[in-house]
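Working notes for the structure below.
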Amino acid sequence: LRAIRFAAQLDFGIEAQTFQAIRPSDIHVISAERIYYELNRLMQTPRSHIGLQLLNDSGLLKELLKNQYEKERFELARDRLALLKRSNEHTKWVLFWLTFLDRVEKTEAKIILQQMKFSGDFIKAFNYVTD
C-alpha cells in the first residue's frame, strides 16, 4: 500500500517486478489501522485517482472491498476522484464509499466502515448523506 501511495503522491511509477510482487491475499496480514492510515493518506493527495487505479490494477482494491467490488463501480469512483482533485480526504472518502456501498443495507455499511477503522463522525456523515 505504501508504494502505491507514494507512486500516486509523488507522481512516479512502480517498477514492473515490484508491482508484480504485490499479492492481494497478503493484505490481510496488515492491520486494519495501517490499511486505514495508508488509504487515508492516499486520499489526501490530488492524484488519489491514480492511486485508486494502481490499487485496482494490483488486485488490492478487489481484495479489500470483497463483495462490494464491481468494475463499473471502481471506474465511477476513480472518475469522481479525478474530478475532485482539490477536495479534502473526508469528502473523497464519503464519495468513494457511496459508490461502493449504495446498494448495501445501512447496518451492513456501518459494520464495513467500522472494520476499516473509520471514526464515528465519519460514519455519521456517511449515514447522513445516505438518508
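Brief remarks on what is shown
- Selection within the stretch 26-78 - polar (S, T, N, Q) and in contact with a Leu (Cβ under 8 Å, 6 or more places away or on another chain): Ser48, Gln68
- Residue within the stretch 61-75 that is modelled with pLDDT of 90 or more, assigned to a helix (DSSP H, G or I) and of a type in the set (Lys, Arg) present: yes
- A search for C-beta distances below 6 Å between a residue of the stretch 108-123 that is more than 14 Å from Trp93 (Cβ to Cβ) and in contact (Cβ under 8 Å) with a residue 12 or more places away in the chain and any residue that is of a type in the set (Asp, Glu) and part of a helix (DSSP H, G or I), counting only pairs 6+ apart in sequence or on different chains, returns nothing.
- If the condition is being more than 22 Å from Glu70 (Cα to Cα), among the polar types (S, T, N, Q) and open to solvent by 40 Å² or more (accessible area, probe 1.4 Å), then the stretch 40-58 contributes only Gln44.
- Residue satisfying all of: in the stretch 76-103; in contact with a Lys or Arg (Cβ under 7 Å, 6 or more places away or on another chain), aliphatic (A, V, I, L, M) and not in a loop (DSSP other than H, G, I, E, B); farthest from Thr130 (Cα to Cα) among these: Leu81
- For the stretch 43-58, the set of residues classified as modelled with pLDDT of 90 or more and of a type in the set (A, V, I, L, M) consists of Ile50, Leu52, Leu54, Leu55, listed by residue number.
The values are calculated or read from the model by the stated rules, or taken from the named source; none is laboratory data. These numbers come from a predicted model, not from an experiment. Methodologically, a virtual Cβ is constructed for each residue, glycine included, from the backbone with ideal geometry; neighbour enumeration extends over all protein chains shown. Note: accessible area is taken over every heavy atom of the protein model, side chains too, but ligands, DNA and RNA are not part of it. Shrake-Rupley method; radii C 1.70, N 1.55, O 1.52, S 1.80 Å.
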